[in-house]
1. What does the charge dipole of the stretch 72-222 about its Cα centre add up to, to the nearest 20 debye, if the Cβ of each Lys and Arg holds +1 and the Cβ of each Asp and Glu holds -1?
2. Work out the FRET efficiency for His73 and Ala41 from their Cβ-Cβ distance, taking R0 = 22 Å, and round it to the nearest 0.05.
3. How far, in nm, would the chain grow between Leu277 and Leu66 when pulled straight, counting 0.36 nm per residue and subtracting the alpha carbon separation?
Amino acid sequence: MNRSPTLEGFRALLRRPSFGLAEMAWRWSFGAAAGLLLGFAGFEYLDTLPVGRSDMLLLRTAQPTLVARAFNHIFRGSSFRLIAAGVVLALALGIAWVIVASLARAATIKGLMAYFHDLEPNAVTRGQGETRNIGALFGLNFLRLGVAIAAGLGFLGAMVLGAAVSRPDDPAPGSALLIMLTVVMLVCWVWCTLNWVLSLAAIFVVTRGKDTFGAIGGAVDLCQARAGSVFAAGTWFGLAHLTAFAVASSIVAFPLGFAGVLPAGVVLGGVLLVSALYFAVADFLYAGRLAAYVAILELPYDPAAAKIVPPALPRPQAPAGVDRDELILSDVPLVWKPAPESGS
C-alpha cells in the first residue's frame, strides 16, 4: 500500500520540528541582515543630504507648503545617488540570497532524505547529490532571482501601459485600471508558476544529482507522472497557509481596533507579534510541503496499488428449469408464410 506524501509531510513537521526551525533560521537571519543593511544604507544616504538653516526654519513652521519646499530643496540632485545605492544593494542582496538559499536548501533536503531513509529502509536514496552539484543549486536560485526581476519589470510595464491608455486629453481611468490589473495578474501567475517549478527542481539536484536544466526537466516529469500526489500536497499545504493567513488577519485587527485607546508602542508590539507568529507558521508549512515533495521521490511507489479497480459483480444465476443454451424465440428469424385460402 502506498503512503500519502501529504500526510508524511505533516508527520515530518510533528516528528522533526527541527526542519521548520531550520527553515525559519536561515530565512529570518537573511531577512534581519538585509533589514540592517538597508537601514544603515538609508542613514548613510540621509547623512549626505545638505540641510541648511533656511531648510530647518521652513521645517519648523509645520506648514505643508513650506515643508514641501524644504524637502524639495534638500532632496534636489540626490536622486542619482539614491538609484545607484539601490542598484548596488539589490545586486549585493541578490547574490547573497542565491548563496544562502542554495546552501540552506541543500542542507534541508539532505536532512529530509536521511529522515525518510530512517523511516523507510526501502527509500530511494541516491547519495550526496548536493556535494557534487552545488553549482546547480546556484543556477536554479539565480534563475529564480531573474524571474523575480522580470516580474518587477512586468509590474512596472503594467503601470506604464495603464498610464498610456488614459491620457490627459482622453482620460479613461476604468480602462487603465482594468488593463493594469489584468497584466499584473498574468505576471503574478507566470512568476508563481516558474518560481514553484524552480523550487521543486532543487530536490532533484540533491536527491538525483542532476544539473540545473536536468533538474528542471525532472520537476516537469514528476508533475506529469505523479500529478495527483503533487497536486494534493500543494493544495492541502496551500489551504493550511491560507487558513493561517485568515486567522492572523483576524487577530491583528484587535490591537488595531484599540489604536485610539492603547499606547502606540503596545499596538505596534501586538501587530509585530502576530506577524511574527504568522511568518513562523508559514515557514513551517513550507518545510512540510518540501517534505511532502521529497516523500514523493523517496518513498516506494507501486503504480498498481494506486489504481482503483472496481469490484467484480456477481454473475446472475439463471432460474431453475431454464436452459441457458436454449435459443430465445425473439432471436430466431421470423419466416412469413401465407395464410391458407378459405374453401380450399
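What follows is calculated from the coordinates using simple rules that are stated; it is not laboratory data. Note that the structure is predicted; figures quoted are calculated from it, not measured. No Cβ is skipped: glycine too gets one built from the backbone with ideal geometry, and neighbour counts run over all protein chains shown.
1. On the way: 10 positive and 7 negative charges, 78 e Å.
Using only the charged Cβ atoms, the result is roughly 380 debye.
2. Working: r = 23 Å, r/R0 = 1.04.
Calculated value: 0.45.
3. 71.7 nm
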